[in-house]
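Scroll down for the structure; my scribbles are underneath it.
The values are calculated or read from the model by the stated rules, or taken from the named source; none is laboratory data. Please read these numbers as outputs of a predicted model, since none were measured by experiment. Please note: Cβ atoms are built from the backbone with ideal geometry, for glycine as well, and neighbour counts cover all protein chains shown. For accessibility, only protein heavy atoms count, side chains too; no ligands or nucleic acids. Shrake-Rupley method; radii C 1.70, N 1.55, O 1.52, S 1.80 Å.
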Amino acid sequence: MELRHLRYFIAVAEELHFGRAAQRLHVSQPPLSQQIRQFENELGVRLFERTTQRVTLTEAGRALLPEVRAVLAQSERAVRAARAAARGEVQRLEVSFVVTLDHGLVSHVIAAFRKRHPKVAIGLTQMTSVEQIVALRDGRIDAGFVRMPLEHRGVECDLIARDPFVVALPATHRLARRRLVDLRQLAGEPFVMLEASQHPKFHAATLELCRKAGFEPHVVQESERLQNLTVMVAGGIGLALLPQSMNVLRTPGMVFRHLSGAAGKVLLDTGLIYRKGERSEIVDAFLDTARRYAKEQRRKS
């Protein structure tokens, strides 16, 4: 049995489609099908029921899936542990985060965790929510801060924080002097947004907010980087709807204003994802730190 077989099995089990699994693995479909048959022969059981219409897991396949996920995750941790030991580190935790969430949240949780576990080295990587799912599944990260809702087999997600929308306006905008802005007044105005391909959840939430206000946003430019949006707004290219926590990214020539009415009550949820059935004490300790933070913030609100 090879780790390659385990990765192939997980891809087909999660996609339930050999074509999509092959695309995800960057291999062609015939070799993938052959490897799965070889894996089944080696185990002596059928893992999938195949028809011309669909692919489903057998009882044996369903029983095997969580165990294979655990084996792959442990193998990745073993590699990281060996590399960390070579660098003189005791243990290492890999954490990722999306660009649109409160960086203060991440730094607070990291600082609190390091205070309790000073010998654990922490790697931080910025990824989209979709990229984090893949990285978590492949064992490249141990936990990740994402925009919710986010559902995927084999992944757990805890609600950590909630954040309202604000509107970022050029300082010279006609509504810049107001304390509250009615989103309906921005219909027909030029908007700048994050690219849907890189930030699908946030992009969808922004569109939904505008549609509920009765209009389709006139998007004049998109960017994959949040910092670019603030520059565009300050330069007068357009306005942007952003999480309130992003007001730390203040740029000369730009102001943040709260939204009035129903739009001001819409919340963006931040979640912390981790593997289902996680067995690492260090990951459990990190999750506990994040949950303590969430509980503390709820108590303050």
| Can you spot a residue in segment 194-203 that is over 19 Å from the mean Cα position of the chain (by Cα), buried (at least 19 other Cβ atoms within 10 Å of the Cβ) and under 24 Å from ASP269 (Cβ atoms)? | no
| request: Considering each residue of segment 228-239, count those that are in contact with a helix residue (DSSP H, G or I) (Cβ under 8 Å, 6 or more places away or on another chain) and surrounded by fewer than 21 Cβ atoms within 10 Å (Cβ to Cβ), and give that number. | output: 0
| request: Pairs only if they're at least six apart or on different chains, beta carbon under 6 angstrom, first in segment 213-225 and without any contact (Cβ under 8 Å) to a residue 60 or more places away in the chain, second assigned to a loop (DSSP other than H, G, I, E, B) and of a type in the set (Asp, Glu); list them, first residue then second. | output: GLU222/GLU195; GLU224/GLU195
| message | I'd like to know if segment 19-35 contains one or more residues that are outside any helix (DSSP H, G or I), hydroxyl-bearing (Ser, Thr, Tyr), open to solvent by less than 40 Å² (accessible area, probe 1.4 Å) and free of Cβ contacts under 8 Å to residues at least 24 places away in the same chain. | response | no
| Qualifying positions in segment 190-228 - assigned to a loop (DSSP other than H, G, I, E, B), out of contact with any strand residue (DSSP E or B) (no Cβ under 6 Å at 6 or more places or on another chain) and among the charged types (D, E, K, R) | GLU216, GLU224, ARG225
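So that you can scan it fast, the table gives a plain yes or no per residue for (1) more than 17 Å from ASP138 (Cα to Cα); (2) in contact (Cβ under 8 Å) with a residue 24 or more places away in the chain:
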residue: ALA11; (1), (2): no, no
residue: GLU15; (1), (2): no, no
residue: PHE39; (1), (2): yes, yes
residue: VAL45; (1), (2): yes, no
residue: GLN53; (1), (2): yes, no
residue: ALA70; (1), (2): no, yes
residue: ALA86; (1), (2): yes, no
residue: LEU105; (1), (2): yes, yes
| query | Of the residues in segment 242-301, how many are among the small types (Gly, Ala, Ser) and under 30 Å from ARG77 (Cβ atoms)? | reply | 6
